[in-house]
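Student: I'd like to ask you about the structure that follows.
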Amino acid sequence: MSAVMPPSPSTGHNSCAVVSPATANAAAASFAALTARLDYLSASDAEMVRKAYKFADESHLGQMRKSGEPYITHPIAVAALCTEWKLDVQALSAALLHDAMEDCGVTKAELIERFGAPVAELVDGLTKLEKLEFNTREENQAESFRKMLLAMARDVRVILIKLADRTHNMRTMSDMPRSKWGRIASETLEIYAPIAHRLGLNQIYRELQDLSFKHLLPWRYAVLTKAVSRARNRRRDLIQKVQTEVESVFAQAGMDVRISGREKTLYSIYKKMDDKHLSFAQVTDIYGFRVIVPSVIDCYTALGLLHQIYKPVPGKFKDHIAIAKVNGYQSLHTTLVGPSGVNVEFQMRTEAMHLVAESGIAAHWLYKEHSTAQAQSERLGTQWLQSLLDIQNETRDAAEFWDHVKVDLFPDAVYVFTPKSQIMALPRGATVVDFAYAIHSRVGDHAMAAKINGDQVPLRTELKNGDVIEVITAPVSSPNPAWLGFVRTGRARSKIRHHLKTMAQTESVELGEKLLSQALRAEGIDELPTEEALLQPLWDKLLRFTGNKNRADLLMDLGLGKRIASIVAKRLVVLLGELGQKPDALLMTRERFTAHESVSQGAITLDGSENASVVYSRCCRPLPGDAIVGYLGRGEGLAVHCRECAIAKKLEHKDSERFIGVEWSDEPARNFETGIAVTAVNGKGVLARVVGALATAEADIVHVDMGQDSQQDTADLRFVIAVRDTSHLDSVLRQLKRNPAVIQASRQTNTGHPLS
């Protein structure tokens, strides 16, 4: 008994209506058109398709599409698309019945009874795909994709029918409410078009892209359509001239060829303009030609003939015959400079290659009468489909399944996982820091270390497909300006910059307050005045003197070195004197006599956690244990130098009032970088032996330079390493000197001489 049900509320295309004779005639006519396409089937198979049509027609009775057409017109259109790939009777029956279970309450058992188990399995697979939600939360996304791809792997006809279904829905999208366009078009562009491409279904791939583009960005689509139309009219004569010249050359060579024009899709033109920031006029390879030849040798002969009449564009030749694409595509591509300097692309391929290029894995059915069928299907990606089942048998982990699939479907993205198997999509070349910020800005801001697949790695490590990444955070950690040199995502870059700017301001205010307090102590005032209402007039007068907007602005200027703390302190003492507060002579004497003679203010304690407000100068790379001085550069914050640094001595001679006393904390918060020079016996493995000695001494290598001359008996190696303090550095140098390959090892400084 056939099931006649009212339309399902879940389907977007359905609504109840009375079937008029006109619409009934339209449905019958469309099936007549389908019947005309079934000439490749036997009479019994064609009768089976007719039987499936009748059952589907009865099941969908009373259901209408948004366009007002009977719903049955949709399954007929899907089946008609499947006939272009010469799919078998089971697939065509399933295409006609693909919505029967979903919308009409038909059971799987009923389908098995009427049409057999294979057809019922296909319809069941399609029904499950209909229920997949691709815009679900991240933790369900991997599982949803896995179900779809496994259905495809078990029987590729499932995805072929599904792609035909999606293509017809996209063709009739204009009848749908506009509110649904964005979601359906995005899903098509992100999921179905890449699968069509991976399976080599070029025509469907191109059409799905253009239809998605039309409904996602209708205004841009319309503008680009007009631009292409105008360009086509302008270049009609030129294209005709090229075709005539090319046909003449092949005719003279006695080659039997078929030449057809091809045009870039609107979406591919738009993507090229968007990705490379080009105007429409700068996209030169809109037009091209396909040259279909009898044999593989003829492809290369045709290439030679074309290169004799037009100059090839360097770097624009690709041999996809010798090295086929992963989806089985084969062709020779070359771009030539045609008349008037217009670039024209040519593709040379055989008839067999052309069929595969347009129909991909569906060519398995198109080729089934030929002896090459099995070889074709192998090359078309059935191995990839089989591998999906193999992985499924090896693991039930959706994340690991994704690892294998995603790289081919989305070649411009890297897909990685959190420890909880959540999928993260990042651009190719993205690093651990990009991943951390993709999770949450707080994770990125406090990232300290990372593990990839359980192994400790640097934060700058590039991610690979399938990596499982664990980011280790610490409250004391904060973004490093060096991260901006390797992050790839805009999100990470903007978050780092924002944090550094905020932190620099905060830390500069804190440093400025510390500097002013110590400068005041040197003037005999024990504490910095607060911003209480009684003292507000005092601060107002001081800000008029300095020209700052507020107290924080003044303290930031002091921390950045834009103002000298001792000068501001002297002015503040005068203002405090007007309020009756006199300097403490004993405090003044003690502060001034305990400070170094070349320093005008009290000492600041450093432990390496100061971030942006304090810079440890690269000229001498000071370490805890070194005697140090601080220089307040104009607008650059506090720069710390070794006391014996030649550059620091020059600055002190010229600008002594900008130097302040600094000293190391008893417990530095991190390791510090320093330079070492190693002279070693030149030979095989010398670098490995030196690096091994550094690792034994627990020194982290930041940078290494091996010099240019490899012909000498000795090798001069320059390292930048990170150590705890001068004592740790001494033990590193002793460890190096014990190595038989090392002749000399010393610290590199800017004091005028190396420190051994």
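The values are calculated or read from the model by the stated rules, or taken from the named source; none is laboratory data. Computed from a prediction, not measured in an experiment: that's the story for all the values here. Every residue, glycine among them, receives a Cβ derived from its backbone with ideal geometry; neighbour counts consider all protein chains shown.
Student: Looking at the range 47-66, which of its residues are of a type in the set (S, T, N, Q) and in a helix (DSSP H, G or I)?
Tutor: If we filter the range 47-66 for residues that are of a type in the set (S, T, N, Q), which is where we start, we get 59, 63.
Across the range 47-66, the qualifying residue is only Ser59.
Student: Report yes if Ala482 is part of a helix (DSSP H, G or I), outside the structural domain of Val574 (by TED's automatic domain parsing) and within 14 Å of the chain's Cα centre (by Cα), otherwise no.
Tutor: Working: part of a helix (DSSP H, G or I): yes; outside the structural domain of Val574 (by TED's automatic domain parsing): yes; within 14 Å of the chain's Cα centre (by Cα): no.
It is false that Ala482 is part of a helix (DSSP H, G or I), outside the structural domain of Val574 (by TED's automatic domain parsing) and within 14 Å of the chain's Cα centre (by Cα).
Student: Sort out which residues of the range 434-463 are part of a helix (DSSP H, G or I), surrounded by 13 or more Cβ atoms within 10 Å (Cβ to Cβ) and not hydroxyl-bearing (Ser, Thr, Tyr), and write them in order of number. Step through it out loud before you land on a result.
Tutor: Taking the range 434-463 first, the residues part of a helix (DSSP H, G or I) are 434-439, 441-445.
After this cut, where a residue has to be surrounded by 13 or more Cβ atoms within 10 Å (Cβ to Cβ) as well, the list is 434-439, 441, 443-445.
Residues satisfying the conditions are Asp434, Phe435, Ala436, Ala438, Ile439, Val443, Gly444, Asp445.
Student: In addition: Of all residues in the range 266-293, which are assigned to a loop (DSSP other than H, G, I, E, B) and surrounded by 18 or more Cβ atoms within 10 Å (Cβ to Cβ)?
Tutor: Taking the range 266-293 and keeping what is assigned to a loop (DSSP other than H, G, I, E, B), we get 277-279, 283-286.
Val283, Ile286 - these are the residues of the range 266-293 that are assigned to a loop (DSSP other than H, G, I, E, B) and surrounded by 18 or more Cβ atoms within 10 Å (Cβ to Cβ).
Student: Scan the range 252-266 for residues that are over 18 Å from Cys299 (Cβ atoms) and of a type in the set (A, V, I, L, M, F, W, C) and jot them down.
Tutor: Kept after step one, since they are over 18 Å from Cys299 (Cβ atoms), are these residues of the range 252-266: 252, 261, 263-266.
Residue satisfying the conditions is Leu266 alone.
Student: Working only within the range 254-281, note down all residues that are over 15 Å from Phe346 (Cβ atoms) and either more than 26 Å from the chain's Cα centre (by Cα) or not assigned by TED's automatic domain parsing to the domain that holds His333 (or both).
Tutor: From the range 254-281, those over 15 Å from Phe346 (Cβ atoms) are 254, 256, 265-281; that's our starting set.
Result: Gly254, Asp256, Ala281.
Student: Quick check: anything in the range 227-248 in contact with a His (Cβ under 9 Å, 6 or more places away or on another chain) and either surrounded by 15 or more Cβ atoms within 10 Å (Cβ to Cβ) or of a type in the set (Lys, Arg) (or both)? Spell out the reasoning first.
Tutor: Of the residues in the range 227-248, the ones in contact with a His (Cβ under 9 Å, 6 or more places away or on another chain) are none.
Looking for residues that are in contact with a His (Cβ under 9 Å, 6 or more places away or on another chain) and either surrounded by 15 or more Cβ atoms within 10 Å (Cβ to Cβ) or of a type in the set (Lys, Arg) (or both), one finds none in the range 227-248, hence no.
Student: Given the conditions (1) free of Cβ contacts under 8 Å to residues at least 40 places away in the same chain; (2) surrounded by 15 or more Cβ atoms within 10 Å (Cβ to Cβ); (3) under 16 Å from Ala357 (Cβ atoms), and given that Gly261 satisfies all but one, which numbered condition is not satisfied?
Tutor: With (1) free of Cβ contacts under 8 Å to residues at least 40 places away in the same chain; (2) surrounded by 15 or more Cβ atoms within 10 Å (Cβ to Cβ); (3) under 16 Å from Ala357 (Cβ atoms) applied to Gly261, the lone miss is (2).
Student: Would you point out which residue out of Ala324, Ala357 is in a loop (DSSP other than H, G, I, E, B) and at pLDDT below 80? Talk me through it step by step, then tell me what you get.
Tutor: Numbers: Ala357 fails: in a loop (DSSP other than H, G, I, E, B).
Going through Ala324, Ala357 in turn, just one is in a loop (DSSP other than H, G, I, E, B) and at pLDDT below 80: Ala324.
Student: Yes or no: the range 644-657 includes at least one residue that is basic (Lys, Arg), out of contact with any His (no Cβ under 8 Å at 6 or more places or on another chain) and in contact (Cβ under 8 Å) with a residue 24 or more places away in the chain.
Tutor: Step one: filter the range 644-657 for residues basic (Lys, Arg), giving 649-650, 654.
Remaining after also requiring out of contact with any His (no Cβ under 8 Å at 6 or more places or on another chain): 649-650, 654.
Going one step further and asking which of them are in contact (Cβ under 8 Å) with a residue 24 or more places away in the chain, we end up with none.
No, that holds for no residue.
Student: Moving on. When only residues in the range 667-682 that are in contact with a helix residue (DSSP H, G or I) (Cβ under 9 Å, 6 or more places away or on another chain) and either outside any strand (DSSP E or B) or modelled with pLDDT under 90 (or both) count, which is farthest from Ser727 (Cα to Cα)?
Tutor: Looking at residues that are in contact with a helix residue (DSSP H, G or I) (Cβ under 9 Å, 6 or more places away or on another chain) and either outside any strand (DSSP E or B) or modelled with pLDDT under 90 (or both), I get Ala680.
Student: Can you tell me which residue among Arg634, Arg621, Arg643 is modelled with pLDDT of 85 or more, more than 16 Å from Val723 (Cα to Cα) and of a type outside the set (A, V, I, L, M, F, W, C)? Let's see the steps before the verdict.
Tutor: On the way: Arg634 fails: modelled with pLDDT of 85 or more; Arg621 fails: more than 16 Å from Val723 (Cα to Cα).
Of the residues listed, the single one that is modelled with pLDDT of 85 or more, more than 16 Å from Val723 (Cα to Cα) and of a type outside the set (A, V, I, L, M, F, W, C) is Arg643.
Student: Within the range 41-60, track down each residue that is farther than 15 Å from Phe31 by Cα and among the hydrophobic types (A, V, I, L, M, F, W, C).
Tutor: Across the range 41-60, the qualifying residues are Leu41, Ala43.
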